[in-house]
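Novice: Shown below is the structure under consideration.
The values are calculated or read from the model by the stated rules, or taken from the named source; none is laboratory data. In this text the structure is predicted, and so the values were computed from the model without any measurement. Here Cβ is always computed from backbone atoms with ideal geometry, including for glycine, and neighbour counts include all displayed protein chains. Calculation scope for accessible area: heavy atoms of the full protein, side chains included, ligands and nucleic acids excluded. Shrake-Rupley method; radii C 1.70, N 1.55, O 1.52, S 1.80 Å.
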Amino acid sequence: MTTNSDPIRWGILGTGRIAHSLATDLMLVPDGQLVAVGSRSKESAETFAKEYAANSPVRAHGSYEELAADEDVDVVYIASPHSHHLEHATLVLEAGKHVLCEKALTLNAADSQTMVDLATSKKLFLMEAMWMATNPIIRRLVADVRSGRFGVPRHVHAELGFVADPEQHQRLLDPALGASALLDMGIYPLTFAHLLFGEARSLTAQANLGEGADGGTFDLDLVMTGKYAGNELSTMVSSVTSYSSRAAAIATDQGRIELTDFHHPSSAVFKPANGDEPVEIVGDEPVIGAGYGNEIAEVQRCLREGLLESPLVPHSQTLSLMRQMDMIRESIGARYATES
């Protein structure tokens, strides 16, 4: 348990786009410090380290094993492809370090349970990097909807998609690396509905599938519907072939809540059906940077309080959503060649 006032010392495993996003916001979070980065390439690690060494030195490790063994690292952010999350989290947890692991946590629920079990047995903190769940506007919105402030919610619609360029987004089109519109984008609308309504009682899906060189099949476009305990309904869309609105809307018996860029919103508004003035939904605290800062702050809060999981992104929620995605992939016939 971290109880002193020393900074929480971060290591980053991987040097891709998402690693840069988190490192940028880490510089805005009090009491957090990037001290090391690990890559399969020493050159890549050194380039990354130099970019974020303005406030303090960042050590560059030419292997993930070296990063895991770095005694000055408290917690490691895992930014590798889905297909390697379990391997890399195991490496870090076995080295006695806490973990923030990118979503989806792994390729399937069984592997996610293995990761959770290992972290629990080691008495180490583990959190899926579902930054949306730590966004102050999402947190306020969820609390208000659950309290009935805007009426009884009946339906949510959310969509997230863009055109994946084969040259710039090769991972998103390679099932050997966990390519999947569901795992990359669909996890957001699924999680959004879960935060609002709880675990889905039933889910259905339709998809367009692609095939990888390794023989695996993966979803390029996906439409899902869900039904929840209070008879709420959801419609959810994810895609790597087309541009969506990236918006979400919640329909209630009193009006409509609308969000743009719902997975990291800067605002949300309730529009009453009776013609009253719209109500802006404001977070209880500011969004830090692009929003990754709030995720970082939550990890640091948990570490200082000696928690092994975050109440905002609990293991049970992560595992529930992994099971839901397993069920969806099975129903549409998507299967990774690496899966038994």
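Novice: Comparing A133, A200, A53, which has the greatest mean-square fluctuation in the GNM of the chain with Cα pairs linked when under 10 Å apart?
Specialist: For the chain, modelled as a Gaussian network with Cα springs under 10 Å, the answer is A53.
Novice: Further, regarding this structure: Normalized C-alpha radius of gyration of the chain, against 2.2 N^0.38 Å? List each step's numbers first, then the result.
Specialist: Details: Rg = 19.8 Å, N = 340, 2.2 N^0.38 = 20.2 Å.
Dividing the Cα radius of gyration by 2.2 N^0.38 Å gives 0.98.
Novice: Report, in deg cm²/dmol and to the nearest 500, the calculated mean residue ellipticity at 222 nm for the chain, where each DSSP H run with n ≥ 4 adds -39500 (n - 2.57) and the sum is divided by the residue count. Write out the running numbers ahead of the final one.
Specialist: Values: 9 runs with 104 residues, N = 340.
So the calculated ellipticity at 222 nm is -9500 deg cm²/dmol.
Novice: By the gyration tensor of its Cα atoms, with a ≥ b ≥ c the square roots of the eigenvalues, what is the shape of segment 215-332: rounded for a/c under 1.5, prolate for a/b over b/c, or oblate? Can you show the working numbers first?
Specialist: Values: a/c = 1.64, a/b = 1.04, b/c = 1.59.
Oblate shape, in that a/c is at least 1.5 and b/c is the bigger or equal ratio.
Novice: Keeping every protein chain present and rolling a 1.4 Å probe, give me the accessible area per residue for segment 233-340 in Å². It would help to have the intermediate numbers written out before the result.
Specialist: On the way: 4950 Å² over 108 residues.
Per-residue accessible area for segment 233-340 comes out at 46 Å².
Novice: What is the antiparallel percent of DSSP beta bridges lying wholly in segment 97-254, to the nearest 5? Let's see the in-between values first.
Specialist: Details: 23 of 33 bridges.
Antiparallel: roughly 70 percent of the beta bridges in segment 97-254.
Novice: Charges at C-beta only: +1 for Lys and Arg, -1 for Asp and Glu. How large is the resulting dipole of the chain about its Cα centre, in Debye rounded to 20? Can you show the working numbers first?
Specialist: Numbers: 26 positive and 45 negative charges, 129 e Å.
For the chain, the charge dipole is close to 620 debye.
Novice: Can you give me the P(r) profile for segment 36-92? Cα pairs, bins 5 angstrom wide beginning at 0, each as a whole percent.
Specialist: Answer for segment 36-92: a P(r) of 4, 20, 29, 27, 15, 4, 1 percent.
Novice: What translational D, rounded to a whole number of µm²/s, comes out for segment 1-79 from Stokes-Einstein when the hydrodynamic radius is the Kirkwood one over Cα pairs, at 20 °C and 1.002 mPa s? Before the final figure, lay out the partial values.
Specialist: Values: Rh = 12.3 Å.
Rounded to a whole number, D works out at 175 µm²/s.
Novice: Step by step: find N for segment 45-126, compute 2.2 N^0.38 Å, then divide the Cα radius of gyration by it. What's the final number? Present the calculation step by step, with values, prior to reporting the outcome.
Specialist: On the way: Rg = 13.3 Å, N = 82, 2.2 N^0.38 = 11.7 Å.
Cα Rg divided by the expected 2.2 N^0.38 Å: 1.13.
Novice: Give me the distance in nm between label points sitting 7 Å out from Cα along the Cα-to-Cβ direction at D144 and K271, one decimal.
Specialist: 1.5
Novice: Continuing with this model, one more query. Could you compute the longest span of the chain free of GluC sites (Glu not before Pro) located in DSSP loops and having at most 16 other Cβ atoms within 10 Å, not counting the site residues? Numbers along the way, then the final one.
Specialist: On the way: sites that count: E71, E167, E199, E305, E339.
Longest gap between qualifying sites, sites excluded: 200-304.
Novice: Now a separate question. May I ask which residue of A334, I288, S320 lies farthest towards the positive end of the charge dipole of segment 271-340, with charges of +1 (Lys, Arg) and -1 (Asp, Glu) on Cβ and the Cα centre as origin?
Specialist: A334
Novice: Going by Cα centres, segment 281-340 and segment 125-196 are how many Å apart?
Specialist: 9
Novice: To continue, here is another question. Checking the cross-link filter: which lysines have an alpha carbon closer than 20 Å to that of K271, excluding same-chain neighbours under 8 positions apart?
Specialist: Excluding near neighbours in sequence, the set is empty.
Novice: Could you tell me what percent of the DSSP beta bridges with both partners in the chain are antiparallel, to the nearest 5?
Specialist: Numbers: 36 of 63 bridges.
Of the beta bridges lying entirely in the chain, close to 55 percent run antiparallel.
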